[in-house]
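The values are calculated or read from the model by the stated rules, or taken from the named source; none is laboratory data. What you see is a predicted model; the values in this text were computed from it and never measured. Glycine also receives a Cβ, built like all others from the backbone with ideal geometry; neighbour counts cover every protein chain displayed. Heads up: the accessible areas ignore ligands, DNA and RNA and are worked out on the full protein's heavy atoms, side chains in. Shrake-Rupley method; radii C 1.70, N 1.55, O 1.52, S 1.80 Å.
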Amino acid sequence: EAGVTQFPSHSVIEKGQTVTLRCDPISGHDNLYWYRRVMGKEIKFLLHFVKESKQDESGMPNNRFLAERTGGTYSTLKVQPAELEDSGVYFCASSQFNFYRNEKLFFGSGTQLSVL
Amino acid sequence: TQLLEQSPQFLSIQEGENLTVYCNSSSVFSSLQWYRQEPGEGPVLLVTVVTGGEVKKLKRLTFQFGDARKDSSLHITAAQPGDTGLYLCAGEREYGNKLVFGAGTILRVKS
């Protein structure tokens, strides 16, 4: 069974440009999360989808970030326009839905974003 | 201010030694998870502790959740070079896997 896949693995863009990151969760996983680690700091939560609905987007830093999950399958995270401080590793994670307890979280390998 | 303080940040030891990594917070967590991350990969879940005072063992790794569910530790016995990697603790404050991560501990085990 394929794990969580992210594309691209690396992206180098200039300040002001737009970048779109993609995440394909494990098939059948209703929960999809975006996390990021910037500037050597700790990994931080960005947002959480349950199927196609945004369950929690409290970690999104500002309105330059837009996440979508049309059809409840793969998700995209767009940064427009990118700023220097957006550089870091963006992780996607997924889990099955269970009303009573949290299922195991599976992480992708991440997208290394460098904004120059 | 970091919500989950992880220490030490870096640990370099000889094969066969024991070590302990700590995660401390002033906040209560509903669960505490420990991950291991290899270069170029995402974090991989090792264990989840849920109950205050809970102890879980995974081969040579022993995980403990504090009685008050504010802290946790990871103890490795007789470390091996294959244990080398980045260890992360992550606390869940509310249902939904919205995790708060520690900064991580880079472990290097020399043969």
So B:PRO39, is it more than 11 Å from the chain's Cα centre (by Cα) and open to solvent by less than 40 Å² (accessible area, probe 1.4 Å): no
Tally time: how many residues in the range A:37-56 are within 11 Å of another protein chain (Cβ to nearest Cβ) and among the charged types (D, E, K, R)? 5
Kindly list the number of the only condition in (1) at pLDDT below 95; (2) surrounded by 18 or more Cβ atoms within 10 Å (Cβ to Cβ) that fails for A:TRP34. (1)
State the number of residues belonging to the range A:90-116 that are among the aliphatic types (A, V, I, L, M), at the interface with chain B (Cβ under 10 Å from one of its Cβ atoms) and surrounded by fewer than 19 Cβ atoms within 10 Å (Cβ to Cβ). 0
Any residue at all in the range B:69-79 that's within 14 Å of chain A (Cβ to nearest Cβ) and touching a Lys or Arg at 6+ places or on another chain (Cβ under 8 Å)? no
Those residues that are of a type outside the set (Ser, Thr, Tyr), in contact (Cβ under 8 Å) with a residue 12 or more places away in the chain and open to solvent by 40 Å² or more (accessible area, probe 1.4 Å), I need them from the range B:83-99; list them, please. B:ARG93, B:GLU94
So which strands (runs of 3 or more DSSP E) are wholly in the range B:38-111 and hold at least 1 residues that are within 23 Å of B:PHE10 (Cβ to Cβ) and polar (S, T, N, Q)? B:61-65, B:71-76, B:105-110
Let me spell it out: the conditions are (1) closer than 29 Å to A:GLN55 by Cα; (2) surrounded by fewer than 19 Cβ atoms within 10 Å (Cβ to Cβ), and B:LEU58 meets all of them except one. Which number is the exception? (1)
